[in-house]
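Before any comments, here is the structure.
Here, each number is a calculation from the coordinates, and none is a lab measurement. Note that the structure is a prediction, hence the values are computed from the model and not measured. As a convention, Cβ positions derive from the backbone with ideal geometry for all residues, glycine included, and neighbour counts pool all protein chains shown.
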Amino acid sequence: MSTNYARRALGVIILGAVVLLHPATSALAAKDTAAPAADKRKTKAQEEQEAEERRKYSLQPRTAETFAEVREHLGAERYAKAEAALKKLRRAKLSPYETAQMHRLFGYVYYGKQDNKAAIEHLNQAIAANGLPPADQADVLFQVAQIQGVEKRWKDVITSLDAWFKTVATPNSVGYYLMALAYFQLQDLDGALVPAQQAVAISQTPQQTWLQLLLAIHLGKKDYAGATPVLAQLISLYPNSGKGYWLQLSALYGAREDNVRALAVMELAYRKGLLTEDRDLIRLVQLNLLEGIPRRAAAILERELAAKRIHENAESFELLSGSWILAREVGKAEQPLARAAELAPKGDLYVRLAQVHMMQEEWTEATMALRSAIAKGGLGDPASAELLLGISFYNEQKLQDARTWFARAQRSGATREQAQTWIEHIDRETETKRPQAASAG
């Protein structure tokens, strides 16, 4: 809980809630002449009790004037004058109720002066005086807990709120939230969970901070199933809070291997214009690929690369190429793969580009790509590139060039056998062609 939040909460209490008289009950209904005598005696007893309450919670005229003056100073933030006025009171002459109210006002004065320690001491003295009505006693307990929260005295917050919960019939959401926050700050996630859930449950429209705390507790416990509906509620209640909740919800679905919902959340965020950063857009593309929608992935990549929201690097162009290949649009894969190969620090992507050309029997283009791969270097499997280059030359009817590269590929155990087979095939083909060439001559 922020300092400003606590000060605003106490400010409301200071300006309007110092109770001078316990409220009297409403006027009694007109007497029924047929009513039994016992009812009349009960009514009279009630009247006597109410009169006693008024006497118990009344102020002497001079004390009432001082308290009114103090409240006026507090409202205008004249804390020194408020303190001076309170110090003029003759404490020995005060009733328990007046003593409690005096300490309560001292507490507000010191809180306004940012002396939280003194504020807590006086508010605790107000409680110890045993002169406040039950509702006021509960209010002061809650105020103490709030200031202890500002001071990050989390164990004291829990103690004060435990006492407060025992004095109120229907605790409010703020109380449950503050209790949950205290346990959370003490890293007691189990202790924090129930009050955090209660704070949300009893509120018609839970505050964003309450839901955020409940979410943090679930995530801290790695309870992704419990965190998911909390995030969904945050998105529902606070749809304009940015992309963070959408990304988290998608990630939670992903952690549970529910990629369908993970993709649906990201698609909604994308359509709302929330996804504008490279990593978020790449995540959307990857989810489309995982769900077997490569054409949609390629369309997003092309659009966002053109808009400069996805970085033009080897990885993004390679991803675009792969998306088109999965969409069975091999021809559309060539240009982005060529760009990726150009940007990549090593030559492996040129090998992949050559394979795409070979799938379409574009042997000259495949040969050029493989030469670029070998020239750029850093290949994970140089012999395979040499073997492919030999195959490309062979299909271009350049048998001697092909044999040269097959011979190089023989140096690796992984490709030696295939390369030897190709060399033998070329040698047989060459021998066959010699008599034909001689007779033709």
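Of all lysines in the structure, those lying under 24 Å Cα to Cα from LYS221, and not within fewer than 8 positions of it along the same chain, are LYS152, LYS155, LYS243. Under the simplified labelling scheme, the ALA299-ARG428 pair shows an inter-label distance of 5.1 nm, with each label point 7 Å from Cα along Cα→Cβ.
In terms of surrounding Cβ atoms within a 10 Å radius of their Cβ, MET359, MET102 rank from fewest to most as MET359, MET102. Shown for VAL150, VAL109: other C-beta atoms within 10 Å of each C-beta, ranked fewest to most, produce the order VAL150, VAL109. Descending by average beta-carbon neighbour count within 10 Å, the peptides 319-325, 196-202 line up as 319-325, 196-202, the highest first. Reachable lysines from LYS44, Cα under 22 Å, same-chain residues fewer than 8 places away excluded? Correct list for LYS44: LYS31, LYS56.
Per residue, the average separation of C-alpha pairs within less than 8 Å and at least 6 apart gives segment 295-390 a relative contact order of 19 percent. Take the Cα of LYS166, step 7 Å toward its Cβ, do the same at ALA128, and the gap between the two points is 1.7 nm.
With contacts defined as alpha carbon pairs under 8 Å and 6 or more residues apart, what's the relative contact order of the chain in percent?
Once normalised by length, the contact order is 6 percent.
If the viscosity is 0.692 mPa s and the temperature 37 °C, what translational diffusion coefficient in µm²/s does Stokes-Einstein give for segment 313-441 when Rh comes from Kirkwood over Cα pairs? Estimated diffusion coefficient is 212 µm²/s.
Arranged from fewest to most other beta-carbon atoms within 10 Å of their beta carbon, PHE142, PHE67 become PHE67, PHE142. FRET efficiency for the ALA251 to GLN60 pair, using the beta carbon distance and R₀ = 45 Å, is estimated at 0.10. Relative contact order, percent, of segment 251-351 when contacts are C-alpha pairs under 8 Å separated by at least 6 residues? Answer for segment 251-351 is 18 percent. For SER58, no residue 5 or more places off, or on another chain, has a built amide H under 5 Å of its own.
Over the chain, what per residue volume does the convex hull of the Cα atoms give, in whole Å³?
Looking at the chain, the number lands at 239 Å³ per residue.
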